[in-house]
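So the structure is just underneath, and the comments pick up after that.
The values are calculated or read from the model by the stated rules, or taken from the named source; none is laboratory data. Please read all numbers here as calculations on a predicted model, not as lab measurements. Here the Cβ positions follow ideal geometry from the backbone for every residue, glycine too, while neighbour counts run over all protein chains shown.
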Amino acid sequence: MNAHRAKKTAALILSAGAVTGCAGAFEAETDTASPIAPRVQALVDANRAYPRWTEFPVASTTTPPSTEVASRVRGLASQGTALADEAARIEWTLGDPATLSREITARVDAQQISPVTAETQAEVEAFAAEARRRGVAPPPIDRAPSAQGPAPR
């Protein structure tokens, strides 16, 4: 039990030392040779103080009457019901997805492809095939030691 407490204490001391070592990194230094140094220093000095709790605005303590809240809730509920009724009245015309897919494919196939488009499509497919060919990983390197020793350089 004491060893556990000693480990915790050591970790706490080390972490405190690390944090205090970083504290100097947050101190701002202004290059006095810079032409804007006076302006930067003035801005730093003007904004150095943090606001106090007394400067924050007080939270509002007024709550709406429960009747107003209830009427708003009833209004939202009626709007939700009206929206559900409106959605129910929509005539959905998509039908069967497989039939729709066949109809779209037939319409696309019915269009003639211009020769330029056909050439471009062939070029794209050739480029994709070349990219796939080049994208194949090389064979693995044989990592087994050879009986002949290292290869000459």
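Can you tell me which of F26, F56 is under 34 Å from the mean Cα position of the chain (by Cα), at pLDDT 85 or above and loosely packed, with under 10 Cβ neighbours inside 10 Å?
Residue meeting the stated conditions: F56.
For the stretch 76-116, enumerate the residues that are touching a Leu at 6+ places or on another chain (Cβ under 8 Å) and in a helix (DSSP H, G or I). Step through it out loud before you land on a result.
Filtering the stretch 76-116 for residues touching a Leu at 6+ places or on another chain (Cβ under 8 Å) gives 94, 100.
The one that is touching a Leu at 6+ places or on another chain (Cβ under 8 Å) and in a helix (DSSP H, G or I): L100.
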